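The values are calculated or read from the model by the stated rules, or taken from the named source; none is laboratory data. This is a predicted model, so every value here is computed, not measured. Heads up, the Cβs are rebuilt from the backbone with ideal geometry, glycines too, and the neighbour counts pull from every protein chain shown.
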Amino acid sequence: MSSKVGQGVQTSTITTVTTMTTSEAGRKGGTAVREKYGKEYYRDIGKKGGTALKEKRGSDYYRDIAKKGGRANVDKYGPDHFAEMGKKGGNTTKARQSSDFYSRIGRMGGAAKRRKQPEA
């Protein structure tokens, strides 16, 4: 269901009303804000909001909502869907990379493990 927002235009003594959906009105407003303040404005307010939310609820909040979203997707699509996606991604990577790609990244991972200090 979309609601309409009226916008009156006065032409001499006749008023013409054009209507737009709320999404059209939102797009128009968003475009006006972007033109006035620039794209960086959205990034800055998003960062401020994320920081405020993290301070209010803690960093565990993001982990919890990510888990909820992941579980919802598994419930919706099933675990086989994600296995298939992983295989497609692996095959695509294999096709795009050289034959020694996996051995190179394996060495990088092994080097990272060796650099990590054991906890006492």
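Points worth noting:
- All of Tyr37, Tyr42, Tyr102 fail the test of being of a type in the set (Ser, Thr, Tyr), surrounded by 10 or more Cβ atoms within 10 Å (Cβ to Cβ) and under 18 Å from the mean Cα position of the chain (by Cα), apart from Tyr42.
- Options Ala120, Ala25, Ala95; residue that is part of a helix (DSSP H, G or I), of a type outside the set (D, E, K, R) and either surrounded by fewer than 11 Cβ atoms within 10 Å (Cβ to Cβ) or at pLDDT below 90 (or both): Ala95
- Condition met for Lys54 (out of contact with any Pro (no Cβ under 8 Å at 6 or more places or on another chain), modelled with pLDDT of 95 or more and not acidic (Asp, Glu)): no
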